[in-house]
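What follows is a set of notes on a single structure, which appears directly below.
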Amino acid sequence: MLYALHELQRSLLSPIVTAATVLKETTNSPLNPLRDLPFVRAVGANSELFTRLMQRYQKPSWDIETVEVDGKTVAVHTEISVDKPFCKLIHFKKNTEIKGPKLLIVAPLSGHFATLLRDTVRTTLADHDVWVTDWVDAKMVPVSNGEFCLENYVDYIKEFICFLAPNLNVMSVCQPTVPVLAAISLLASERNPCSPDSMIMMGGPIDARLSPTAVNQFADEHSHEWFANQMIMRVPQNYPGFSRLVYPGFMQHASFMAMNPDRHLNAHWEFYKHLMQGDQDSAETHRQFYDEYNAVLDMPAEYYLDTVRVVFQDFLLPRGVWDIRDQRVEPGAIKKTALFTIEGELDDISGNGQTEAAQSLCSGVPKTRRKHLLAKGVGHYGIFSGRKFRTIIYPQISKFINQQVRGKKQSA
């Protein structure tokens, strides 16, 4: 019912948002001779702020059309390598013979679209042949495609790894560290030759019992039944996924904002001041960030509830009692896949030690092929995006992957 009311509210506000958009465009138009007057600028600033707070944000585009490879600008285009109901495996194809090691980037299915990793993709693309998991908004998936649970997620990752094998490296960012470690563990237990050469795990809740954050505490303070009763809703009839049970994107967005309300309030106040001052560069930086941040998708209910239970309440992976279709997930079985875990010192989503826990779980990986990095002065998003990612973290990732490539050639 709440989902339907949310859609009704959006529909009722749509004409007002449209009018505010027109007013914003009119006051800011270079053809408007009065646009620099304080009153006119104030009208434009208020109109834009209202529009941005009330409008619907669609899935952003990747906007990666070129990349620098060995000092040369080469064209990039995307193609769908594997098309599944809940995820599309996207390949960023470079128009050059210099591809680099294969890298599968597993994006999080935790509210935002995979485009949140745009900076990650653009940076790694210079030296690697990159594929990304592009998760589908659950409200766009008809119920005829069935349910999607955490076990299905693991199945998808196994399928993608086997599709791209051999000579593959896998990078998981935040939430997918758990299902990715499960997928690689199962491949190792099966002695599947598709096992990747390396796995890079960044800021994820491998063991959410360590250094609990507000996210962990919230899951601990509420029962599984509470999440099922309060967070799960049916998709309204105006979407292809009509009647599918989901954790709605608008509720996730409200949760994101509630985690740091002062930070977001201050950001919008600064944005308003920049508009009033005519500081378009700073205003554009705000627009770009929140265009991405405000674009959210619905998650399948089965997957969301499984994740809450398995990862944040029962801690099945670190306790060594997680079974997927009667097969035990045993990270200790991994022997041929190198491990690099990365954490941010200031991460308020995944606490310090939660990702590093994979180091002890993957006891079968030789210590010479294991590495851990605690990035100083880096928060959650800084682990995979921004200046410190590009200048401090990524160079170590690239070096680690190249070490595995060289080691494999020497042992061949």
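Filtering the stretch 261-299 to residues that are of a type in the set (S, T, N, Q) and touching a residue at least 24 places away in the same chain (Cβ under 8 Å) leaves only ASN294.
Identify, please: which residue in the stretch 367-384 is touching a residue at least 60 places away in the same chain (Cβ under 8 Å) and not in a helix (DSSP H, G or I) and is, among those, surrounded by the fewest Cβ atoms within 10 Å (Cβ to Cβ)? Restricting to residues being touching a residue at least 60 places away in the same chain (Cβ under 8 Å) and not in a helix (DSSP H, G or I), the top hit is HIS380.
Check the stretch 328-340 and report whether any residue there is exposed (fewer than 15 other Cβ atoms within 10 Å of the Cβ) and either of a type in the set (S, T, N, Q) or over 19 Å from ALA183 (Cα atoms) (or both). Before the answer, list the steps.
Step one: of the stretch 328-340, the residues exposed (fewer than 15 other Cβ atoms within 10 Å of the Cβ) are 328, 335.
Narrowing the set further to residues that are either of a type in the set (S, T, N, Q) or over 19 Å from ALA183 (Cα atoms) (or both) leaves none.
Among the residues of the stretch 328-340, not one is exposed (fewer than 15 other Cβ atoms within 10 Å of the Cβ) and either of a type in the set (S, T, N, Q) or over 19 Å from ALA183 (Cα atoms) (or both), which makes the answer no.
For the stretch 174-194, give me each residue that is among the hydroxyl-bearing types (Ser, Thr, Tyr) and either surrounded by fewer than 24 Cβ atoms within 10 Å (Cβ to Cβ) or at pLDDT below 95 (or both).
Restricting attention to the stretch 174-194, the residues satisfying the condition of being among the hydroxyl-bearing types (Ser, Thr, Tyr) are 177, 185, 189.
Passing the criteria: only SER189.
When the helices (runs of 4 or more DSSP H) confined to the stretch 110-214 are screened for residues that are hydrophobic (A, V, I, L, M, F, W, C), those reaching at least 3 such residues are found at 150-164, 177-189.
For (1) in contact (Cβ under 8 Å) with a residue 40 or more places away in the chain; (2) closer than 27 Å to ILE383 by Cβ; (3) of a type in the set (Val, Ile, Thr), each residue gets a yes or a no:
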residue: ALA42; (1), (2), (3): yes, no, no
residue: GLN55; (1), (2), (3): no, no, no
residue: LYS59; (1), (2), (3): yes, yes, no
residue: HIS112; (1), (2), (3): yes, yes, no
residue: ASP119; (1), (2), (3): yes, yes, no
residue: ASP127; (1), (2), (3): yes, yes, no
residue: TRP135; (1), (2), (3): yes, yes, no
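When the stretch 215-251 is filtered for residues that are of a type in the set (Gly, Ala, Ser) and surrounded by fewer than 14 Cβ atoms within 10 Å (Cβ to Cβ), the ones remaining, listed by number, are SER223, SER243.
Report yes if some residue within the stretch 87-95 is touching a residue at least 24 places away in the same chain (Cβ under 8 Å), closer than 24 Å to ILE206 by Cβ, in the same structural domain as PHE160 (by TED's automatic domain parsing) and buried (at least 17 other Cβ atoms within 10 Å of the Cβ); otherwise report no. So far as the stretch 87-95 goes, yes, one or more of its residues are touching a residue at least 24 places away in the same chain (Cβ under 8 Å), closer than 24 Å to ILE206 by Cβ, in the same structural domain as PHE160 (by TED's automatic domain parsing) and buried (at least 17 other Cβ atoms within 10 Å of the Cβ).
For residues that are closer than 12 Å to VAL173 by Cα and among the hydroxyl-bearing types (Ser, Thr, Tyr), scanning just the stretch 96-121, find the one that is surrounded by the fewest Cβ atoms within 10 Å (Cβ to Cβ).
First, the residues of the stretch 96-121 that are closer than 12 Å to VAL173 by Cα: 104-110, 114, 116-117, 120-121.
So of that shortlist, the ones also among the hydroxyl-bearing types (Ser, Thr, Tyr) come out as 110, 120.
Working: SER110: 20, THR120: 25.
Step by step, filter the stretch 96-121, then rank; the result is SER110.
Within the stretch 76-86, take every residue that is of a type outside the set (Asp, Glu) and over 17 Å from the mean Cα position of the chain (by Cα) and give me the one that is surrounded by the most Cβ atoms within 10 Å (Cβ to Cβ). Show your work before the answer.
So the first thing to find is which residues in the stretch 76-86 are of a type outside the set (Asp, Glu), and the list is 76-78, 80-82, 84-86.
Keeping just the survivors that are over 17 Å from the mean Cα position of the chain (by Cα) gives 76-78, 80-82, 84-85.
On the way: VAL76: 20, HIS77: 11, THR78: 17, ILE80: 11, SER81: 14, VAL82: 16, LYS84: 17, PRO85: 16.
Checked the stretch 76-86; the qualifying residue surrounded by the most Cβ atoms within 10 Å (Cβ to Cβ) is VAL76.
In this structure, does THR18 turn out to be outside the structural domain of ASP137 (by TED's automatic domain parsing), without any contact (Cβ under 8 Å) to a residue 60 or more places away in the chain, in a helix (DSSP H, G or I) and closer than 30 Å to VAL136 by Cα? The answer is yes for THR18.
Selection of the stretch 31-53 for residues being over 24 Å from TYR290 (Cβ atoms) and not in a helix (DSSP H, G or I) yields LEU31, ASN32, PRO33, LEU34, ASP36, LEU37.
The values are calculated or read from the model by the stated rules, or taken from the named source; none is laboratory data. Bear in mind the structure is a predicted one, so any value in this text is a computation, not a measurement. Here Cβ is always computed from backbone atoms with ideal geometry, including for glycine, and neighbour counts include all displayed protein chains.
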